[in-house]
Amino acid sequence: MDEVIIVGAGIGGLTLGLALHQAGIACRIYESAPELRTVGVGINLLPHAARELAALGLEDALARVAIETANATFFNRYGQLIYQEPLGRAAGYDHPQFSIHRGDLQMVLLDAFRSRAGSDRIVTNCHCVGVAQDEASVIVSFSDGPGGKNSHNVRGRVAIACDGIHSVLRKQFFPEEGEPRYSGVNMWRGVTRWKPILSGASMVRAGWLSHGKMVIYPIRPAGDDGLQLINWVAEIETPNYRKRDWNRTGSLDDFIGAFANWHFDWLDVPAFIRAADSVLEFPMVDQDPLPRWSFGRVTLLGDAAHPMVPRGSNGAGQAILDARALTAALLQHADPVAALAAYEAQRLQATAQVVLTNRTNPPDAILREVFQRTNDRPFADIDDVISRDELVALSEGYKRIAGYSKDALRK
Ligand SMILES: Cc1cc2nc3c(=O)[nH]c(=O)nc-3n(C[C@H](O)[C@H](O)[C@H](O)COP(=O)(O)OP(=O)(O)OC[C@H]3O[C@@H](n4cnc5c(N)ncnc54)[C@H](O)[C@@H]3O)c2cc1C
């Protein structure tokens, strides 16, 4: 009855569970899936998110399974280097940037939550179908899995919707909103076991969306065979898309043609893509920022609150920041309604800016600038195309908006 009810055991829900437990606030997590498995592919944790996870005592556990990303590199589709900058600790931050398999991140969070709070604090096969509230409590209704016939209610102090991009509770509060908004870019994602590329800890962005863009970064340390698990995403402007599903299989033939000539001295891209374990396809979508997240004793967090296109490595990080802010608000305000309002006041505008900037000027705006200024031709000298100062300004502008400039993190 006094517990915080967390709906969804994804990155945001599990981080919130850990943060609340650390703060001495009782909570329980209800997850729709019958069991939590290592699904997904790569994800990045920028230094602001790594700082919050370090405060939860997770940095060593993450470092064991992730790559500490050392630099970002930008290339045109001829394999010419446009710009390179250090990342994370290599850039002077107090915390690393981690590139990690989403499933590995989820398992680090899940193991920590189970061992600290107790296994009974997370309940699977509970698919949230709605919420109601009165003066003193909130009542969340669950079925046994999506479409399940059996249902039961749970009463708590507050309910936090961490149920991802297809959030049921977001739909309850905004029934007219409609489906996520397609950006016009389709993505094919996969992982390939391959020898280290460039520094072995580089985040590569290459090409441009109209002809085909690739994002490539390693997500697990090399095994005894010297191969790393390397995440890649092919992004191409495509008028139509099929329904979004995190686990839908994609076909190589639908996109590999865009990269057929990408034989670079630092990577043979077509061979690399063909060696993938599997290919997933999903459209790049987001939603317009909402006017509010908190309704009395219920609020939204993570993708349920602010789904964003994955062009700034920020989706998981902003969910983690939400979790810390909400925990602080619940500690600060005895009245839960006031706490949820304070959380919204701190996070809604901040994340709305990230959502909108990811549409217009994410870090890969560097690629767009060079694509346009060169008319998509190779260049003789990058300094003739764009100055180093402009490149730095594009990169630093995004860090400020997303809240991970070095100055912001030193405060
Ligand atoms: C299966 C899956 C694979 C993903 N793969 C990637 C990836 O490869 N790369 C990437 O960048 N991002 C991926 N994401 C998204 C990424 O995790 C989020 O963008 C980000 O981490 C924010 O996390 P979140 O906790 O808000 O949402 P999510 O991590 O999406 O977590 C939402 C959780 O809520 C659960 N849930 C959904 N509906 C209900 C309900 N009605 N009742 C109870 N529980 C519910 C889901 O099963 C899930 O565990 C994936 C998400 C999922 C669910």
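Structure summary
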{"quantity": "Debye equation applied to the C-alpha atoms of region 223-298, log10 I(q)/I(0) at 0.16, 0.18, 0.24 Å⁻¹", "calculated": "-0.76, -0.88, -1.26"}
{"quantity": "Heavy-atom surface of the chain, accessible at 1.4 Å and reported per residue (Å²)", "calculated": "41"}
{"quantity": "DSSP beta bridge pairing in the chain, given as percent antiparallel to the nearest 5", "calculated": "75"}
{"quantity": "Set of aspartates and glutamates with alpha-carbon distance to residue 213 below 13 Å, sequence-local pairs under 8 removed", "calculated": "235, 237, 364, 376"}
{"quantity": "At most 15 other Cβ within 10 Å, DSSP loop - chymotrypsin sites (Phe, Trp or Tyr not before Pro), region 71-116", "calculated": "78"}
{"quantity": "Computed over region 22-128, Kirkwood Rh from alpha-carbon pairs, angstrom", "calculated": "15.9"}
{"quantity": "Estimated FRET transfer efficiency when R0 is 22 angstrom, pair residue 33-residue 176 (beta carbons, to 0.05)", "calculated": "0.20"}
{"quantity": "Region 252-411, Rg to Rh (Cα coordinates; Rh as Kirkwood inverse mean 1/r)", "calculated": "1.08"}
{"quantity": "Heavy-atom accessible surface of the chain: percent carbon and sulfur, 1.4 Å", "calculated": "49"}
{"quantity": "Part-to-part distance (alpha-carbon centres) for region 236-304 and region 178-220, which is given in Å", "calculated": "8"}
{"quantity": "Where only C-alpha atoms are counted, convex hull volume of region 13-83 per residue in Å³", "calculated": "140"}
{"quantity": "Length gained when the stretch residue 240-residue 334 is fully extended (0.36 nm per residue, less Cα-Cα span)", "calculated": "28.9 nm"}
{"quantity": "Between helix 336-360 and the chain: long-axis angle, C-alpha atoms, 0 to 90°, nearest 10", "calculated": "20"}
{"quantity": "Modelled FRET efficiency - R0 30 Å, residue 263 with residue 90, Cβ distances, 0.05 increments", "calculated": "0.55"}
{"quantity": "Region 316-411: projected area of the alpha-carbon convex hull, averaged over directions, in nm²", "calculated": "7.7"}
{"quantity": "Kirkwood hydrodynamic radius over Cα pairs of region 108-240, then Stokes diffusion coefficient at 37 °C and 0.692 mPa s, in µm²/s", "calculated": "171"}
{"quantity": "Solution diffusion estimate, µm²/s, Stokes-Einstein, region 91-130, Kirkwood Rh from C-alpha pairs, 20 °C, viscosity 1.002 mPa s", "calculated": "167"}
{"quantity": "With at most 16 other Cβ atoms within 10 Å, longest stretch of the chain clear of loop GluC sites (Glu not before Pro) (DSSP)", "calculated": "178-411"}
{"quantity": "Sparse-neighbourhood loop sites, trypsin sites (Lys or Arg not before Pro) in region 1-68 - DSSP loop, at most 12 other Cβ within 10 angstrom", "calculated": "37"}
{"quantity": "For the chain, diffusion coefficient by Stokes-Einstein and Kirkwood Rh (Cα), 20 °C, 1.002 mPa s, µm²/s", "calculated": "98"}
{"quantity": "Spin-label pair residue 395/residue 55, simplified geometry with 7 Å Cα→Cβ offset, distance in nm", "calculated": "2.7"}
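The values are calculated or read from the model by the stated rules, or taken from the named source; none is laboratory data. Keep in mind it's a predicted model, so treat the numbers as computed, not measured. Note: ideal-geometry Cβ built from the backbone for every residue, glycine included; neighbour counts use all protein chains shown. In case anyone asks, the SASA skips ligands and DNA or RNA and just uses the protein heavy atoms, side chains included. Shrake-Rupley method; radii C 1.70, N 1.55, O 1.52, S 1.80 Å.
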